[in-house]
1. Helix-only estimate, please: 222 nm mean residue ellipticity of the chain, summing -39500 (n - 2.57) across DSSP H runs of length 4 or more and dividing by its residues, to the nearest 500.
2. In whole Hz, what ³J(HN,Hα) sequence does the range 155-172 give by Karplus (6.51, -1.76, 1.60; θ = phi - 60°), x for Gly and Pro?
3. State which entries of K28/K194; K46/K234; K104/K223 exceed 30 angstrom in Cα-Cα distance in the structure shown.
4. Rolling a 1.4 angstrom probe over the protein heavy atoms, how many square angstrom per residue are accessible across the chain?
5. Starting from the 7 Å offset along Cα-to-Cβ, what nm value, one decimal, do you get for the label separation of S218 and A44?
6. With springs only between Cα atoms under 10 Å apart, run a GNM on the chain and tell me which of L90, L134, L33 wobbles the most.
7. How large is the charge dipole for the range 119-230, taken about the Cα centre, if only the Cβ atoms of Lys, Arg (+1) and Asp, Glu (-1) carry charge, to the nearest 20 debye?
8. Along the principal axes of its C-alpha atoms, what lengths does the range 92-154 span, in descending order and rounded to whole Å?
Amino acid sequence: MLNKDLFYSTIQKFDITVDEDAFARLDKFAEMLIETNKSFNLTAIKEPDDVTVKHFADCLAIFNYVDIPENAKVIDVGTGAGFPGLVLKLARPDIQMTFLDSTKKKLGFIESVLNECGVQGEILHMRAEEAAQLSKYREQFDFSTARAVAALPVLSEYCLPFVKQGGTFVSMKSAESNEEMNEAKMAIGILGGKIQEDIVFDLVENMPRRIILIKKNSQTPTKYPRPSAQIAKKPLK
Ligand code: SAM
């Protein structure tokens, strides 16, 4: 269901190779996404060309800017129907991916794609702020990723506690997120992180995207993440 020509022409400027097997897995995911979306709302992006560019190429762009070592542990926070986590995993099955979301039904969809593609992944049905307080998940990951989950001050409180010292939180944002980024600087510092790179690029012409790389320099104080109600009431700023 991916538009193959459009897919390869869009990702050709990225420093990534998607071989035939990886393309077949991604294509199966796209097919299942479009099919399942007819009965259960997984995505507002439905047309195969849009799915190809705005979901798949968009997520693969991460590989152009982040060097993810072999067998790295990654958690995709608020993964929804699997963006960016499932795209990264199907392109690079060596990555140890945890898919976290508070909506069980979406995780069920991810599980069926993984099964169909013969790829393993950890499914975690929890809220981020609860999972990040468990020693099994806290500061256990080389990377956390998130796209379209929350504004950066709140998102940093969800995502940075999962990352080991020396690891990176990869935040996919729209290019118009300057204000949000400025607001988040203090929160990121409190949580033990530092903005390392702020990359704005054109996914295709006139489709700017932003990837913010936040390095984890020191342990997150144990009081973070706070319970959901406190985060919502008083975001770190
Ligand atoms: N990342 C996907 C994407 O880019 O298509 C999904 C984005 S969707 C708009 C936001 C997702 O984040 C939803 O599936 C929602 O259930 C999940 N989410 C929001 N807050 C969360 C939290 N605190 N813990 C876990 N999941 C959360």
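1. Numbers: 9 runs with 81 residues, N = 237.
One gets -9500 deg cm²/dmol as the mean residue ellipticity at 222 nm.
2. Going residue by residue, I get 4, 5, 5, 6, 9, 5, x, 6, 8, 5, 4, x, x, 9, 9, 9, 10, 8 Hz, with x marking Gly and Pro.
3. Values: K28/K194 37 Å; K46/K234 36 Å; K104/K223 27 Å.
Violating the 30 Å limit, Cα to Cα: K28/K194; K46/K234.
4. Numbers: 10710 Å² over 237 residues.
Averaged over the residues of the chain, the accessible area is 45 Å².
5. According to this spin-label approximation, the distance is 4.0 nm.
6. L134
7. The dipole of the range 119-230 has a size of about 440 debye.
8. 36, 24, 20
The values are calculated or read from the model by the stated rules, or taken from the named source; none is laboratory data. Only a predicted model underlies this, so the values are computations on that prediction, with no experimental measurement involved. No Cβ is skipped: glycine too gets one built from the backbone with ideal geometry, and neighbour counts run over all protein chains shown. We work out accessible area using only protein heavy atoms, side chains counted, and drop any ligands, DNA or RNA first. Shrake-Rupley method; radii C 1.70, N 1.55, O 1.52, S 1.80 Å.
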